[in-house]
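Peer 1: What follows is a single structure, and I will ask about it in a moment.
The values are calculated or read from the model by the stated rules, or taken from the named source; none is laboratory data. Since we're looking at a predicted model, the values are computed, not measured. Please note: Cβ atoms are built from the backbone with ideal geometry, for glycine as well, and neighbour counts cover all protein chains shown. Side chains are part of the model used for accessible areas, which takes the heavy atoms of the whole protein and leaves out ligands, DNA and RNA. Shrake-Rupley method; radii C 1.70, N 1.55, O 1.52, S 1.80 Å.
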Amino acid sequence: MIRRLLDWGGYLGVAVLGFGAILPFVRPEWNQYRWIAIGVGIVLVLVSLLARVEDYRGLLRNQTLRYGLNTGVAIALVLGVTVVVQALSFQHGARKDLTENKRFSLSPQTIQLLGGLKTEVNAVAFFRADQPGKRGAEDLFKQYARYSNGKFTWKSADPDREPGLAKRYGVESYGTIVLETKAKSEKVLDADEEKLTNGLVKVTREGKRIVYVVQGHGEAELGNTERPGFSEAKSSMEKANYEVKPLVLARTGKVPDDATVVILAGPRNDLLPPELEALDAYVGRGGKVLAMINPFQNEGLKKHLVKYGFQLDDDLVVEQNPIGRLFGIGPEVPIIQQYESHPITRDLGGVTTLFPLTRSITALKTPPKGVTVQALARTSPDSWGETNRADLQRGVAKPDPQDLRGPLAVAAVATIDKARLVVYGTSNIVSNQFLNIQGNRDFFLNTVSWLAEEEDQISVRPKDAKQTPVFMTSNQAQAAFFLPVVILPALVLAGGIVAVVRRRAAK
């Protein structure tokens, strides 16, 4: 009778073990009782087994059973080690991103922003349970939470199961992410790092910064989507929560009081004297200006910038660099990899920027009183500043004695009290054609952020997902097929045949 009860206790123990295993999935709120159930089940099973020790001794004399038990123990040990390794990896996980552009790792800008969060941000992601992209979004949220020092929290919600929550946030489509603080909220329509980080900037930044782009002198147009246009630069600034507006100084006569930054995007014609006076007045009250002056253009502005410590050289920087051939570019597009120490360039180590059709900029040896000038980016020693325009037009430029030799500065910065000025030797770096090549966008947006006194936004930004397909010739494709499908199986088969023949010959 007792033995029968113990047998039934063993069956009950197995049932309790099964219940403990599935408990977190059927009743998550009872998860704290899971290990109690597993412990009780193990005790019941062990007691039931111990009651039949004498029976098992006889069975153990069976050689087949002993082999079976040894195999079972070995399997149990392997499973046990696997479970322990999985548990340790869950508690102490590590990630290694092997993709070319680190598409599964957060960018330095995102990490910097998360580490500096001063207010709590909650994200609610509205995904169906079976929706593609849900897992990727949750993985991204986990990385955000990891770097936020507890300031970033998140949860997933199925809009079909929680329609009231979706209605409260005004969610109309699957995949919408709502970021909210105590004061603001922002909808992000795609689980993309760049969009999510820009949304974070919007909900955590107070107010909106306005960037004015001077127009009326042949500058690149803000809405122009062609290669020379400025639309990509405008869009990039808007994503970073800057409001971009055109400014016709000849009409307004002054820079608006709400201007955070004023940009001169490659004016081809000289500014009128009243316009230059308006810019001087803006700088005099602590304004921030980015001037991009193309080679052999705008003599009036070139002379005007001398008062701020900049000398714009009358040349076109040429660089005979074999690396340029890798980018499919000519010598008139210098490759910049040398940066001076400055907040704008602090995270650009190892990042390449291109300055197409640029002039060189020289900082005055004796700048005006109260002005501090320094270079930002320099070309390689293989470059020079070509001054002979006739040779440039014929495509036979070569360094002459009167030409400046590299390294040459192609971007420089000046500070005057609270005022800040940055000068590029070209506006082509921010054109639609070149903005998204290499580090050009980071260099430009870092410049805008520094001018706007938002140093916390200076960093290397998220990169677009980059596909890296493998292209093979017909011979390579045949080798990739025959090696695993034909050759390797044939070698294994041949080895087996040889082993069998040798064994029979030995007998």
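Peer 1: Once you list every other residue whose beta carbon is under 9 Å from the beta carbon of TRP450, what net charge do they have if Lys and Arg are +1 and Asp and Glu are -1?
Peer 2: -1
Peer 1: Let me make sure I get this right: for the stretch 187-258, a, b and c are the square roots of the gyration tensor eigenvalues over alpha carbons, sorted descending. Under 1.5 in a/c it's rounded, otherwise prolate if a/b > b/c, else oblate. Which is it?
Peer 2: oblate
Peer 1: List the GluC sites (Glu not before Pro) within the stretch 295-396 that DSSP assigns to loop and that have no more than 16 neighbouring Cβ atoms inside 10 Å.
Peer 2: Passing sites in the stretch 295-396 are GLU340.
Peer 1: Accessible area of VAL413, 1.4 Å probe, to the nearest 10 Å²?
Peer 2: Counting only protein heavy atoms, the figure is 10 Å².
Peer 1: Return the whole-Å distance between the Cα centroid of the stretch 106-179 and the Cα centroid of the stretch 262-289.
Peer 2: For the stretch 106-179 versus the stretch 262-289, the Cα centre distance is 43 Å.
Peer 1: Throw me the Rg/Rh for the stretch 238-287, computed over C-alpha atoms with Kirkwood Rh, two decimals.
Peer 2: Result for the stretch 238-287 is an Rg/Rh of 0.97.
Peer 1: Exactly which trypsin sites (Lys or Arg not before Pro) in the stretch 360-436 are in a DSSP loop and have at most 13 other Cβ atoms within 10 Å?
Peer 2: Counting only loop positions with at most 13 other Cβ atoms within 10 Å, the trypsin sites (Lys or Arg not before Pro) in the stretch 360-436 are LYS365, LYS369, LYS418.
Peer 1: If you take the square roots of the eigenvalues of the alpha-carbon gyration tensor of the stretch 118-191 and sort them as a ≥ b ≥ c, do you get rounded (a/c under 1.5), prolate (a/b over b/c) or oblate?
Peer 2: Oblate, because a/c is 1.5 or more while a/b does not exceed b/c.
Peer 1: Using a/c under 1.5 as the rounded threshold, could you call the stretch 326-446 rounded, prolate or oblate? The axes a ≥ b ≥ c are square roots of the C-alpha gyration tensor eigenvalues, and prolate needs a/b larger than b/c, oblate otherwise.
Peer 2: Oblate.
Peer 1: How big is the dipole moment of the stretch 358-415 about its Cα centre under a simple scheme where the beta carbon of each Lys and Arg is +1, that of each Asp and Glu is -1, and everything else is neutral? Debye, nearest 20, please.
Peer 2: Result for the stretch 358-415 is approximately 200 debye, rounded to the nearest 20.
Peer 1: Can you tally the net charge around GLY287? Count Lys and Arg as +1, Asp and Glu as -1, for every other residue whose Cβ sits under 9 Å from the Cβ of GLY287.
Peer 2: +4
Peer 1: Ignoring ligands, DNA and RNA, what percent of the 1.4 Å accessible area of the stretch 369-411 is carbon and sulfur?
Peer 2: 50 percent
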